[in-house]
Amino acid sequence: MPKYWHEDIETMSREDMKKLQNERLVKQVHHVYEHVPYYRDLMDKKGIKPDDIQSVDDLHKLPFLSKADLRDAYPFGLLAVPLSECVRIQSTSGTTGKRVVAFYTQADIELWEDCCARAIIAAGGDKDDVCQVAYGYGLFTGGAGLHGGSHKVGCLTLPMSSGNTERQIQFMCDLGSTILCCTPSYAAYIGETLHDMGLTPDDIKLKAGIFGAEPWTEEMRRTIEKSLGIKAYDIFGLTEISGPGVSFECEEQSGMHINEDLFLPEIIDPETGEVLPEGTVGELVFTALTKEAFPLLRYRTRDLCVLSRKKCSCGRTLIKMAKPMGRSDDMLIIRGVNVFPSQIETVLIEQGYTPNYLIEVDRKNNTDTLDISVELTPEQFSDKIKDVQNMEKSLAAAIKTMLGINPKVHLVSPKTITRSEGKAVRVIDRRKLHE
Ligand code: DLL
């Protein structure tokens, strides 16, 4: 069984990797300066010329790009090749403002699919696997990316897209799927439906899952692994930088290796923009080193995480990023306290609840309110009001210990919280709606 997709790159010495990155960066800055007037203007305003960038050590001199720039330049303003050279468009699932559209040449597609192939191999996949792709197909990059990677590896690919969960399980049983690719929230739903259909992990052949596109906790990983009888691997990416496969987890399951031969990462202070030393939490920034059509330099992802070069037992030398804690704009500030939804998920699962919950934040009488609805399983469900009240009280206390603020917990009947087939919506902040 192959251990790596691109062994030379994935296990390259630090010195050789830096050399490769330097060469690619110098070339890419010229490409962007010459072909993207929007970015040329940003560089000119900063007084930076392409020749000022001689190596990765000069990266900090370049201006940042943010989502606002992408909206300003929508749709063609950051395109670096003639449209006739592009073969594909993908788009973000963003629900507010203008969508972000990303363009790909054939070479961009090949590299992106290679990234997904690296991820599939790292999850133990090979050409004998049956890979069920249950990420959404269409403008979202999840379906297209893993589909392409699965073909490259030579897996038998099931292009299911998301939804129709019972049919997903039927195909899984009939065709013997061994790898499942979807969002972690959908994987949890598939696991739950499997059990509802009277089946157990012994009835399916799944061995691995490649789950990403949204933040998920270690507790959620364990829940999914148990319900489907698999090893669950994280995969990260964003449309602006290509899609899934910017980074991927290996057998060690402790952080994701970044394909740094293609995507150069930095961690910055989100307030000041200052580059932070390795090991510090901050905002992840990427520079695409080889992309032709949509080559973003120093793109601010708004994802908060940490980088590490600690030696990995899988033999890969690619730098690792920890699970992102969420986007800086996912963080809720409730009564002055910073709250990440993932902290609440951790407590819920630790306390024996399912990951079916909804967080609602509002402001009443000038005070922030935090309401958390949590679904009970049929086994947990009780029609004795006193029992339910006691459970609510003890869960609220556990959450208060984690967050430092008191939530109102509502335990609700089984199957009353809407399940997700793609990216889960777990937070409703009504304060924004009132503004
Ligand atoms: O979600 C690409 C993708 C598809 C990644 C399938 C993995 C699997 P966007 O829709 O542009 O692209 O959303 C990108 O999703 O900036 C993160 O905030 C979040 N995200 C993606 N993967 C993870 C992950 C795809 N593994 C945004 N953990 C990113 C946490 C993730 N957050």
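Only one residue of L304, P244, G229 has its Cα farthest out toward the positive end of the dipole of the chain, where Lys and Arg carry +1 and Asp and Glu -1 on Cβ, and that residue is L304. The string of couplings for region 206-220 from the Karplus curve (6.51, -1.76, 1.60, θ = phi - 60°) is 4, 10, 9, x, 10, 10, x, 5, 7, x, 8, 9, 4, 5, 5 Hz, one whole number per residue in order, with x for Gly and Pro.
Shown in residue order for region 184-193 are the 3J(HN,Hα) couplings computed by the Karplus curve 6.51 cos²θ - 1.76 cosθ + 1.60 at θ = phi - 60°: x, 5, 6, 4, 4, 5, 5, x, 5, 5 Hz (x for Gly and Pro). Considering only L20, F103, A117, the residue lying farthest towards the positive end of the dipole of region 1-153 is F103, judged by Cα position with unit charges set on Cβ. Summing +1 for each Lys or Arg and -1 for each Asp or Glu among the other residues whose beta-carbon sits under 11 angstrom from that of D330 gives -1.
Is there a quick way to get the dipole size of the chain? I mean about its Cα centre, with the Cβ of Lys and Arg at +1 and of Asp and Glu at -1; what is the value in debye to the nearest 20?
In total the dipole reaches around 780 debye.
Taking 4.7 Å between beta carbons as the limit, the unpaired Cys residues of the chain are C86, C115, C116, C173, C181, C182, C305, C312.
Going by accessible surface with a 1.4 Å probe and the largest first, K45, K415 read K45, K415. Ligands, DNA and RNA aside, E274 has an accessible area near 110 Å² when probed at 1.4 Å.
Entry comment: accessible area of region 332-434 is 55 Å² per residue, from protein heavy atoms only and a probe of 1.4 Å. What share of the DSSP beta bridges in the chain is antiparallel, in percent to the nearest 5? The antiparallel proportion sits near 60 percent.
Each residue of region 399-407 was assigned a 3J(HN,Hα) from its phi angle through the Karplus curve 6.51 cos²θ - 1.76 cosθ + 1.60 (θ = phi - 60°); the sequence is 5, 4, 4, 6, 9, x, 10, 8, x Hz, with glycine and proline shown as x.
Computed over neighbours whose Cβ is under 10 Å from that of G279, the net charge equals +1, Lys and Arg +1, Asp and Glu -1.
Each part reduced to its alpha carbon centroid, region 334-370 and region 22-86 end up 40 Å apart. As a ratio to 2.2 N^0.38 Å, the alpha-carbon radius of gyration computed for region 332-434 takes the value 1.06.
By the compact-protein rule of thumb, 2.2 N^0.38 Å, the alpha-carbon radius of gyration of the chain corresponds to a ratio of 1.01. Length gained on full extension, H30 to D329, computed as 0.36 nm times the residue gap minus the Cα-Cα distance: 104.4 nm.
In region 332-434, the portion of solvent-accessible area held by carbon and sulfur atoms comes to 51 percent [1.4 Å probe, whole percent, DNA, RNA and ligands not counted]. Backbone amide hydrogens, once placed in the peptide plane, bring C86 within less than 5 Å of nothing, excluding anything fewer than 5 places away on its chain. Output the pairs from K98/K423; K61/K291; K19/K127; K46/K291; K231/K386; K127/K415 with a Cα-Cα distance over 28 Å in this structure; if there are none, say none. With Cα atoms farther than 28 Å apart: K19/K127; K231/K386; K127/K415. Its DSSP H runs of at least 4 residues, each contributing -39,500 (n - 2.57), put the calculated 222 nm mean residue ellipticity of the chain at -10000 deg cm²/dmol, to the nearest 500. Among the protein heavy atoms of region 26-133, carbon and sulfur supply 53% of the accessible surface, probe 1.4 Å, non-protein parts ignored. Pick out, from N338, T272, P82, the residue whose Cα sits farthest towards the positive end of the charge dipole of the chain, with +1 on the Cβ of Lys and Arg and -1 on the Cβ of Asp and Glu. In the chain, that residue is N338. Quick one: which residues, 5 or more positions from T287 or on another chain, have an amide H under 5 Å from its amide H? H modelled 1.01 Å from N in the peptide plane, none for Pro or chain starts. Close amide H contacts, sequence-distant or interchain: L264, R298, Y299.
Annotation: amide H of I428 within the under-5 Å range of I359, E360, V361, sequence separation 5 or more or interchain, hydrogens built in the peptide plane. Per-residue SASA remark: M256, around 0 Å² accessible (1.4 Å probe; ligands, DNA and RNA not included).
Over all other residues within a Cβ to Cβ distance under 13 Å of A293, the charged ones net out to -3, with Lys and Arg as +1 and Asp and Glu as -1.
The values are calculated or read from the model by the stated rules, or taken from the named source; none is laboratory data. All values reported here derive from a predicted model rather than from experimental measurement. Note that each Cβ is placed from the backbone with ideal geometry, even for glycine, and that neighbours are counted across all protein chains shown. Surface areas here come from the heavy atoms of the whole protein model, side chains and all, with no ligands, DNA or RNA. Shrake-Rupley method; radii C 1.70, N 1.55, O 1.52, S 1.80 Å.
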